[in-house]
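Enquirer: Can you read through this structure? Questions will come right after.
Every read-out reported here was derived from the displayed coordinates using simple, explicitly stated rules and does not represent laboratory data. Model, not experiment: these values are computed from the prediction. Cβ sites come from the backbone with ideal geometry, for glycine too, and all protein chains shown count toward neighbours.
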Amino acid sequence: MVKIYNKKLPDKPIYGTIIDFETIGDFRNEFNDSRRYQDIIPTVFGFLEGSTIKIFCAKSIKSLENLKTIIRDTIPKLKRPFYAFNSNFERSILFHYLGLNILFLELNNEQMESKKDARRSLGIPNYGDPFFDRGKLCIQAWHKGELDKVILHNRSCLLKERDILLKRGFRSPDPIILRKI
């Protein structure tokens with residue numbers, strides 16, 4: 001079973017779709033290409049398209065396959081271009097988890113810029129993020145079944161990324177080699 005959050009925003013529509021995942025799994029830091037993300041599994045799939053936010057959250061390990069089907073069925077229907085903050089993460093997850101090779105436009109100024117630093121420098125609010133830009137706390141909350149906090153974190157990330165897009169635009173993505181083992 002998957003929990004769904006669906007909300008129409010009153011203002012600031014964007015052209016295209018911002019995508020953000022919350023995940024479990026370990027990074028394979030011995031690789032400097034997409035294989036670094038091959039063990040990462042989405043637990044939350046959130047997107048902001050136009051002025052609508054929609055978030056799908058797997059309720060447990062058992063519902064991850066259901067979320068995978070939702071992601072596979074939804075991605076082709078979303079409006080392009082796609083945006084993400086540090087898009088190598090989203091792009092590599094889609095490549096390894098679903099076999100999709102999708103281009104994202106980049107919302108960060110440089111490859112390792114943190115969303116927290118971008119948010120602060122641009123004067124963007126926290127939007128009620130219970131984890132204050134610390135995604136590792138989101139992983140722990142998901143494992144504890146604190147799904148409302150997890151969804152609120154994803155929602156706030158999407159709103160922060162929307163504001164980053166509106167305040168400074170986007171750039172071409174960082175190069176990444178998509179490589180399966």
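Enquirer: Non-local amide H neighbours of Gln38 (under 5 Å, H modeled in plane, Pro and chain starts lacking H): which ones?
Expert: Counting only residues 5 or more places away or on other chains, the set is Arg28.
Enquirer: State whether the range 2-168 is rounded, prolate or oblate according to the following rule on the C-alpha gyration tensor (a ≥ b ≥ c being the square roots of its eigenvalues): a/c under 1.5 gives rounded; otherwise a/b larger than b/c gives prolate, and the remaining case gives oblate.
Expert: Since a/c stays below 1.5, the shape of the range 2-168 is classed as rounded.
Enquirer: Something else: List every residue whose amide H lies under 5 Å from the amide H of Ser51, counting only residues 5 or more places away in sequence or on a different chain, with H placed 1.01 Å from N in the peptide plane.
Expert: Ile14
Enquirer: Relative contact order for the range 116-181: what percent, with Cα pairs under 8 Å and sequence separation of 6 or more?
Expert: Numbers: 40 pairs, mean separation 23.8, N = 66.
For the range 116-181, the relative contact order is 36 percent.
Enquirer: Ranking Glu161, Glu106, Glu65 by Cβ neighbours within 10 Å, fewest first, what do you get?
Expert: Glu65, Glu106, Glu161
Enquirer: Which is farthest toward the positive dipole end of the range 34-181 among Ala84, Ala118, Ser34, measuring Cα position about the Cα centre, with Cβ charges +1 (Lys, Arg) and -1 (Asp, Glu)?
Expert: My answer, from the dipole projection, is Ser34.
Enquirer: Which whole-number percentage describes the relative contact order of the chain, with Cα contacts under 8 Å and a sequence gap of 6 or more? Show your work: numbers first, answer last.
Expert: Values: 337 pairs, mean separation 48.7, N = 181.
RCO, the chain: 27 percent.
Enquirer: Considering only Glu113, Glu90, Glu49, give the residue with the highest GNM mean-square fluctuation for the chain, with springs between Cα atoms whenever their separation is below 10 Å.
Expert: Of Glu113, Glu90, Glu49, the Gaussian network model singles out Glu113 as fluctuating most.
Enquirer: Considering only DSSP beta bridges with both partners in the range 43-181, what is the antiparallel share in %, to the nearest 5?
Expert: Beta bridges within the range 43-181, antiparallel portion: roughly 70 percent.
Enquirer: Tell me which residues come under 5 Å, amide H to amide H, from Thr43 once H is placed; ignore anything under 5 positions away on its chain.
Expert: Amide H neighbours of Thr43: Glu22, Thr23, Ile24.
Enquirer: While we're here: Hey, what number do you get for the chain at 222 nm if only DSSP H runs of n ≥ 4 count, each worth -39500 (n - 2.57), divided across all residues, to the nearest 500?
Expert: Details: 5 runs with 62 residues, N = 181.
Only helices count here, giving -10500 deg cm²/dmol.
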